[in-house]
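Just below is one structure, and these are the notes that go with it.
The values are calculated or read from the model by the stated rules, or taken from the named source; none is laboratory data. The shown structure was predicted, so the numbers you read here are calculated from the model rather than taken from an experiment. Please note: Cβ atoms are built from the backbone with ideal geometry, for glycine as well, and neighbour counts cover all protein chains shown. Heavy atoms of the whole protein, side chains included, go into the accessibility calculation; ligands, DNA and RNA do not. Shrake-Rupley method; radii C 1.70, N 1.55, O 1.52, S 1.80 Å.
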Amino acid sequence: MELYLDLFSQPCRSVYMFAKKNNIPFEFKDIALMNGDHHSEAFGRINQLRKVPALRDEDFCLAESIAIMQYMAEKFKTPDFWYPADLQQRARVNEYLSWQHTAIRMNGSKIFWMRLMMPTVYELEVPQEKMDGAIEDLNTSLTLIEEKFIQDKAFIIGDNISLADLVAIVEIMQPLGAGLDIFEGRPKLSAWRDRVVDAIGKDLFDDAHQKILGAEEAIKHLDKSIVQIFKPKVIRLFL
Amino acid sequence: MELYLDLHSQPCRAVFLFARATGIPFKFQLVDLTKGQQYSDEFGKVSVMRKVPVMKDGSFILTESIAILQYLLQKHSSLVPDHWYPSDLQLRARVNEYLSWQHMTIRAQGSKVFLLRAMFPIIMGSEAPKDKMDAAVEELKQSVDLLEQKFLQDKAFLVSDRICVADVVAVVELMQPVATGLDVFEGRPKLVAWRQRVKAELGPKLFDEAHEVILKVSGLSQTLQDSGALDLLRPKFQKMFS
């Protein structure tokens with residue numbers, strides 16, 4: 001089984017950690033987004049959507065991190081707590097996995113792009129008003145995560161970690177890659193993060209996040225010319 | 001089981017159509033978005049997210065249409081035929097792949113086109129800027145291309161030769177811009193044929209019933225003004241449109 005990944009990408013990190021934590025054997029196929037690897041002809045045959053992560057299991061190709069983890073959980077019979085068979089517990093995981101696409105995922109990505117990628121790689125100035133709006137939206141998502149999803153529980157659905165926490169943590173870590181400490185002033189979120197890191201295993205968590213936490217440095221050495229073709233799309237998406 | 005719905009909303013239509021088509025009994029609780037009822041104290045007790053759809057099964061309250069559909073599929077697995085959410089590993093993965101992908105593509109872009117065409121003029125008092133509109137329509141077009149080329153291809157339905165929840169989730173989103181007079185199906189005979197098949201499987205009367213309010217969206221402006229919901233919605237939309 002092959003997993004096509006770039007650990008700059010949040011959904012790639014959750015898939016990577018899930019596979020490694022569960023000792024699921026896979027070949028790591030490196031797709032460097034900032035090198036435009038996802039636009040190669042070869043990768044187009046793996047995933048027509050031209051995104052990472054992507055899975056290839058013999059002749060079966062699959063996109064979308066959530067679908068990939070649901071597939072791996074079922075195929076490799078991972079421990080029940082990741083995606084519980086219980087009707088209500090599973091529903092709570094699904095509820096988070098659905099909500100997060102247009103909330104924390106979108107807002108955290110936007111901040112990463114606005115604070116780091118756009119000014120540095122694309123030399124685009126982000127109007128302060130737009131930046132403020134993006135930070136406000138991110139804060140709204142973080143508050144909802146604390147108050148509606150985690151509440152007073154150890155993890156999102158209860159006493160045990162699940163796919164919900166795995167998908168949440170990688171998105172929450174993204175703004176940190178752009179130098180924004182979203183854990184500051186959020187003790188509840190910080191405590192939850194510590195529990196998640198502990199449940200995943202610190203070595204694996206750090207391994208998965210090394211690249212994103214070094215993003216500011218890595219970007220300095222980037223060949224910016226390669227990604228200029230994406231500039232119009234970046235403008236359309238974020239400005 | 002109660003479903004809190006407003007059929008102006010695409011995810012509400014998906015849940016409504018699926019439950020009715022498969023014979024899952026429920027009580028329809030209207031949350032009239034055109035009257036701002038999602039902001040009422042009463043609805044706040046049901047869901048702090050202040051969105052629809054919401055499901056209440058006994059004391060268990062669940063938001064997010066995709067989660068609600070998956071809950072109903074699992075709970076009623078003995079009633080609902082397998083093809084709706086196949087137990088086969090790869091087919092199920094394909095359904096999950098669509099359900100995940102669609103949030104930020106078909107759903108987000110179809111909604112944006114709908115909002116720019118139907119809501120922008122009401123909120124901002126003028127037509128949406130051409131460049132914004134063109135960009136939104138182009139993004140949607142690219143996603144619909146992918147829907148046809150990657151998901152549908154030459155199959156009868158998105159995942160196999162039988163209907164599944166992905167088809168219902170897809171069709172309701174595509175109908176949203178259609179309601180504003182933008183026919184996303186135009187020039188796409190394959191997609192038209194698919195929509196026809198989905199409608200036939202769900203039941204044409206049921207399909208039309210689900211889409212009745214959204215297809216009357218031209219009257220929305222007056223409804224929102226009369227109910228006072230316009231004042232509630234204005235700041236939110238102004239931020240979105242700026």
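Taking the conditions (1) within 9 Å of another protein chain (Cβ to nearest Cβ); (2) surrounded by fewer than 19 Cβ atoms within 10 Å (Cβ to Cβ) in turn, B:I68 satisfies each one other than (2).
Within region A:213-232, one or more residues are farther than 24 Å from A:I135 by Cα, β-branched (V, I, T) and open to solvent by 80 Å² or more (accessible area, probe 1.4 Å). Of the helices (runs of 4 or more DSSP H) that lie entirely inside region A:19-115, those containing 1 or more residues that are more than 24 Å from A:N160 (Cβ to Cβ) and facing chain B (nearest Cβ under 8 Å) span A:104-112.
Restricting region A:45-95 to residues that are of a type in the set (K, R) and exposed (fewer than 14 other Cβ atoms within 10 Å of the Cβ), which is modelled with the lowest pLDDT?
If we filter region A:45-95 for residues that are of a type in the set (K, R), which is where we start, we get A:45, A:50-51, A:56, A:75, A:77, A:90, A:92.
When the remaining residues are screened for being exposed (fewer than 14 other Cβ atoms within 10 Å of the Cβ), the result is A:45, A:77.
On the way: A:R45: 95, A:K77: 98.
Going through the qualifying residues, I end up with A:R45.
So which residues in region B:91-150 are β-branched (V, I, T) and modelled with pLDDT under 95, if there are any at all? Correct list: B:I122, B:I123. Would a scan of region B:170-181 turn up a residue that is of a type in the set (D, E) and open to solvent by less than 80 Å² (accessible area, probe 1.4 Å)? Yes.
Can you confirm whether B:L115 is in a helix (DSSP H, G or I) and either crowded, with 18+ Cβ neighbours inside 10 Å or away from every other protein chain (no Cβ under 13 Å) (or both)? Quick ask: steps written out before the conclusion?
On the way: in a helix (DSSP H, G or I): yes; either crowded, with 18+ Cβ neighbours inside 10 Å or away from every other protein chain (no Cβ under 13 Å) (or both): yes.
Yes, satisfied.
Can you tell me which residues in region B:210-242 are outside any helix (DSSP H, G or I) and open to solvent by 90 Å² or more (accessible area, probe 1.4 Å)? B:E212, the sole residue that qualifies.
Of all residues in region B:40-60, those satisfying the criterion of being more than 10 Å from chain A (Cβ to nearest Cβ) and either touching a helix residue (DSSP H, G or I) at 6+ places or on another chain (Cβ under 6 Å) or crowded, with 16+ Cβ neighbours inside 10 Å (or both) are B:F43, B:V46, B:R50, B:V52, B:P53, B:V54, B:K56. Restricting attention to region B:107-131, the residues being in contact (Cβ under 8 Å) with a residue 40 or more places away in the chain and more than 22 Å from B:L224 (Cα to Cα) number 1. Residues being under 30 Å from B:K35 (Cβ atoms), in contact (Cβ under 8 Å) with a residue 24 or more places away in the chain and in contact with a His (Cβ under 9 Å, 6 or more places away or on another chain) are represented in region B:217-238 by at least one member.
Among the residues making up region A:212-230, those that are assigned to a helix (DSSP H, G or I) and among the small types (G, A, S) are A:A215, A:A218, A:S225. Among the residues making up region A:106-126, those that are open to solvent by 50 Å² or more (accessible area, probe 1.4 Å), in contact (Cβ under 8 Å) with a residue 40 or more places away in the chain and under 22 Å from B:F241 (Cβ atoms) are A:K110, A:W113.
Going by the structure shown, is A:A63 outside the structural domain of A:S225 (by TED's automatic domain parsing), aliphatic (A, V, I, L, M) and touching a strand residue (DSSP E or B) at 6+ places or on another chain (Cβ under 8 Å)? Taking the combined requirement at face value, the residue satisfies it.
Within region A:154-187, which residues are touching a residue at least 24 places away in the same chain (Cβ under 8 Å), over 30 Å from B:I61 (Cα atoms) and open to solvent by 30 Å² or more (accessible area, probe 1.4 Å)? Quick ask: steps written out before the conclusion?
From region A:154-187, those touching a residue at least 24 places away in the same chain (Cβ under 8 Å) are A:154-158, A:160-180, A:182, A:186; that's our starting set.
Still in the running and over 30 Å from B:I61 (Cα atoms): A:174-180.
Matches in region A:154-187: A:L176, A:G179, A:L180.
Of the residues making up region B:18-37, those that are more than 17 Å from the chain's Cα centre (by Cα) and open to solvent by less than 40 Å² (accessible area, probe 1.4 Å) number 3.
Checking the conditions here, which among A:K21, A:K29 is of a type outside the set (F, W, Y), in contact with an Asp or Glu (Cβ under 9 Å, 6 or more places away or on another chain) and either buried (at least 20 other Cβ atoms within 10 Å of the Cβ) or modelled with pLDDT of 95 or more (or both)?
Details: A:K21 fails: in contact with an Asp or Glu (Cβ under 9 Å, 6 or more places away or on another chain).
When all the criteria are applied, what remains is A:K29.
Listed conditions (1) in contact with a Ser or Thr (Cβ under 6 Å, 6 or more places away or on another chain); (2) more than 28 Å from B:D145 (Cα to Cα); (3) open to solvent by less than 20 Å² (accessible area, probe 1.4 Å) are all met by A:V15, apart from (2).
The residues on offer are A:L144, A:L189, and the sole one that is under 17 Å from A:E95 (Cα atoms), in the same structural domain as A:Q88 (by TED's automatic domain parsing) and in a helix (DSSP H, G or I) is A:L144.
Of all residues in region A:192-206, those satisfying the criterion of being surrounded by 14 or more Cβ atoms within 10 Å (Cβ to Cβ) and either free of Cβ contacts under 8 Å to residues at least 60 places away in the same chain or within 14 Å of chain B (Cβ to nearest Cβ) (or both) are A:W192, A:R193, A:R195, A:V196, A:V197, A:A199.
Residues are listed down the side, and each one gets a yes or a no for (1) touching a residue at least 60 places away in the same chain (Cβ under 8 Å); (2) of a type in the set (D, E, K, R):
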residue: B:V48; (1), (2): no, no
residue: B:K56; (1), (2): no, yes
residue: B:S59; (1), (2): no, no
residue: B:K75; (1), (2): no, yes
residue: B:D82; (1), (2): no, yes
residue: B:Y85; (1), (2): yes, no
